[in-house]
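K.L.:
This is the structure I want to talk about, given as structure tokens.
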Amino acid sequence: MPMSLALYALATRIAAPLAPALLRRRMARGKEDPARLGERLGRAGLPRPEGVLVWFHGASVGEALSLLSLIEAVKAARPEVSVLVTSGTVTSAALMAQRLPAGAAHQYIPIDTEAATAAFLDHWRPNVGVFVESELWPNLLLGAQARGVRMALLSARLSMRSFQNWKRLRAAAASLYGVFDLILAQSEAAALYIKALGGRVAGLGDLKFGAAPLPCDEAALAARLADLGGRPVILAASTHPGEDEIILEAFQAVRSDPSRPLLVIVPRHPERGPAIAELAAASGLRVAREQAGQSIGDADVLVADRLGELGLWYRLARLAFMGGSLKPGVGGHNPLEPARLGTPFVFGHHVDNWKGIYDELWEAGAASDVNGAYPLSTDMRIALDGDVEMAEGAQKALAYVQAGDAAARAIPAQVLALIP
């Protein structure tokens, strides 16, 4: 064992007696579940089912959610296999309770002490472990390896900064990445970094990809096309408070275009529909709102505050703005949705939840970013003028997502190959 990992094991052994007190402090701040605190110390809250068990781990909400389609695929192919999902946050545990398929269990991941991880592994005795993104807990991973657990690291992520840090601990990194029988990286850059640290990367595969295009009712699409009468649509998708004002201001610059563009605002939370309609009316714009049963007519703005219609509007839009990205605190929304439908789109600077994918799309010339009303109105104008470069960008985004989807759809077979 590399000296750095031996020192880590010693340090966690010395610190282990402090763990219950630290967990209670976290519990007082709402960061631990009082009823399930024992799970964090490796004390199982459920019995182990008989037979083969596949253990999936996602650190928090995003990682855990990305596992759901893979879990469903594994259960569909191997219904007799039991599934255990671990995560580390109260929010992710609550979400998994709602979203996991029948027969799948959730437990909190144990803290990374030798005693807690050994208790966890000895109780659950997983046959296969599937980790997502960048969770490298030494005691847990080395303990799993020592017990013969076959391990996979999916959507593996490693930034340049993290790579530089791990280079100083290259032997430790090689030992930890060497635990995994299968590594699929999120990006070419991550694959190169992990290989340089001694990991065996089998290829690319990101669990954020692989979804079907957003659905759309064909009859509703035909009806909307008839309502529009050839008018081009500018879409603001999944907007949040503080963004609608900026979008409305940007639209004012193009509302008098001879093509009579329609701005469609789809709020992330439909209950905001009336407030957005009031903002638009106060700006001197004619407004229609779906929930109020109002038709498009001569409206400048349609507030599409009915659930489940985003796929329809992406198909109709000349340009989409991705909401949740102009103000900090939300982190942006899924850019693969418009890309999968060949819709040109732009986004703001606050896209932390999807940063790697937005960066790759931007670098490929497949989408552009905006930081206020003026650049957004410029993009609206370019879209209304039928810009060839914007259309080419949408095709680049489509090719990007198709490649990612193809790789992601191969992941279940690769994971199933590890299961005895």
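The values are calculated or read from the model by the stated rules, or taken from the named source; none is laboratory data. Quick caveat, the model's predicted, so the values are computed rather than measured. Quick reminder, even Gly has a Cβ in these numbers, built from the backbone with ideal geometry, and neighbours come from all protein chains shown. The protein model used for the area step is the full one, side chains on, heavy atoms only, and it has no ligands, DNA or RNA in it. Shrake-Rupley method; radii C 1.70, N 1.55, O 1.52, S 1.80 Å.
K.L.:
Rounded to the nearest 20 Debye, what is the dipole magnitude of the stretch 1-94 about its Cα centre when Lys and Arg each give +1 and Asp and Glu each give -1 at the C-beta?
P.N.:
Dipole magnitude for the stretch 1-94 comes out near 460 debye.
K.L.:
Could you give the angle, 0 to 90 degrees to the nearest 10, between helix 68-77's Cα long axis and the longest principal axis of the Cα atoms of the chain?
P.N.:
In the chain, helix 68-77 runs at an angle near 70 degrees to the longest axis.
K.L.:
Something else: What is the local net charge at ALA146, summed over the other residues whose Cβ is closer than 12 Å to its Cβ (Lys, Arg +1; Asp, Glu -1)?
P.N.:
-1
K.L.:
I want the local charge near LEU207. Using Cβ-Cβ distances under 13 Å, sum +1 for each Lys or Arg and -1 for each Asp or Glu among the other residues.
P.N.:
-2
K.L.:
Please report the spacing between the Cα centers of the stretch 79-123 and the stretch 148-196 in Å, no decimals.
P.N.:
23 Å
K.L.:
What's the carbon and sulfur percent of the chain's accessible surface, probe 1.4 angstrom, rounded to a whole number?
P.N.:
56 percent
K.L.:
Just add up the charged neighbours of ALA59: K/R +1, D/E -1, any other residue whose Cβ is under 10 Å from the Cβ of ALA59.
P.N.:
-3
K.L.:
Just to confirm, what accessible area per residue do you get for the stretch 250-396 at 1.4 Å probe, in whole Å²?
P.N.:
Roughly 43 Å² per residue, with all protein chains present.
K.L.:
Can you give the FRET efficiency to the nearest 0.05 for ASN371 and GLU188, using r as the Cβ-Cβ distance and R₀ = 22 Å?
P.N.:
0.20
K.L.:
So, one more: Please say if the stretch 80-166 is rounded, prolate or oblate, where rounded means a/c under 1.5 for a ≥ b ≥ c the square roots of the C-alpha gyration tensor eigenvalues, and otherwise the choice is prolate for a/b larger than b/c and oblate otherwise?
P.N.:
Oblate.
K.L.:
Rounded, prolate or oblate: which one fits the stretch 263-302, using the alpha carbon gyration tensor with axes a ≥ b ≥ c (rounded when a/c is under 1.5, else prolate when a/b beats b/c, else oblate)?
P.N.:
Oblate shape, in that a/c is at least 1.5 and b/c is the bigger or equal ratio.
K.L.:
Taking square-rooted eigenvalues a ≥ b ≥ c of the alpha carbon gyration tensor, is the stretch 1-154 rounded, prolate or oblate, where a/c under 1.5 means rounded and, failing that, a/b exceeding b/c means prolate?
P.N.:
It comes out oblate by the Cα gyration axes.
K.L.:
If I model a spin label at ALA102 and ARG200 as a point 7 Å from the Cα along the Cα→Cβ vector, what separation in nanometres do I get?
P.N.:
3.9 nm
K.L.:
Quickly rank 265-272, 18-25, 368-375, 335-342 as a protection proxy: mean count of other C-beta atoms within 10 Å, highest first.
P.N.:
335-342, 265-272, 368-375, 18-25
K.L.:
May I pose another question? Roughly what angle does helix 19-28 make with the longest principal axis of the chain, taking Cα atoms, 0 to 90 degrees, to the nearest 10?
P.N.:
30 degrees
K.L.:
If ligands, DNA and RNA are left out, what is the accessible area of LYS31 with a 1.4 Å probe, given in Å² to the nearest 10?
P.N.:
100 Å²
K.L.:
Return the whole-Å distance between the Cα centroid of the stretch 250-298 and the Cα centroid of the stretch 337-386.
P.N.:
Taking the Cα centre of the stretch 337-386 as reference, the centre of the stretch 250-298 is 21 Å away.
K.L.:
If you place +1 on the Cβ of every Lys and Arg, -1 on the Cβ of every Asp and Glu, and leave all else neutral, what size is the dipole of the stretch 151-296 about its Cα centre, to the nearest 20 Debye?
P.N.:
Rounded to the nearest 20 debye, it is 840 debye.
K.L.:
Still on this structure: As an exercise, use a Förster radius of 25 Å and the Cβ-Cβ distance of GLN164 and LYS355 to find the FRET efficiency, rounded to the nearest 0.05.
P.N.:
0.85
K.L.:
Of [x] 23.6; [y] 27.2; [z] 21.9, which one was derived for Kirkwood radius over Cα pairs in Å from the structure shown?
P.N.:
[x]
K.L.:
Probe of 1.4 angstrom, ligands and nucleic acids ignored: what's the accessible area per residue over the stretch 1-135, in square angstrom?
P.N.:
With the other protein chains kept in place, the stretch 1-135 gives 46 Å² per residue.
K.L.:
Kindly express, to the nearest 10 degrees and within the range 0 to 90, the angle between helix 273-282's C-alpha long axis and the longest C-alpha principal axis of the chain.
P.N.:
40 degrees
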